[in-house]
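No value in this document is a laboratory result; all are computed from the given coordinates. Nothing here was measured: the structure is a model prediction, and the numbers come from that model. Because the Cβ atoms are built from the backbone with ideal geometry, glycine has one as well, and the counts that use them run over all protein chains shown.
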Amino acid sequence: MFTINIEKECGCFKKSDLENNQSFEDKDDALIEAMNMVNFMNEAFCQKHDFIFSEDGHNFQIAVNEKAKTHSGCCGGGHCS
């Protein structure tokens, strides 16, 4: 049995139709679903987080990381430099 676990369910995850702790008989099915979930979450969610997954034996863990704020305070008008 292979399981996909989301370590921290953010608000976007809770609002989505995605399920935590999904189990699969086949490792390839679990891997494909974990990759699809991570891709969907990174593309469709609010962009406050990055989602990555790792494999630990029979478990696929999807980690949630805060995105680094890259805003420098410049408006981009070209007059700050």
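The table below gives the values:
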item: Neighbour-count order for 27, 15, fewest beta carbons within 10 angstrom listed first; result: 15, 27
item: Aspartates and glutamates with Cα under 12 Å of residue 15, excluding same-chain neighbours fewer than 8 positions away; result: none
item: Hull shadow area, averaged, the range 2-66 [alpha-carbon convex hull, nm²]; result: 3.8 nm²
item: Dipole magnitude of the range 2-66 about its Cα centre (Cβ charges: Lys, Arg +1; Asp, Glu -1), debye to nearest 20; result: 360 debye
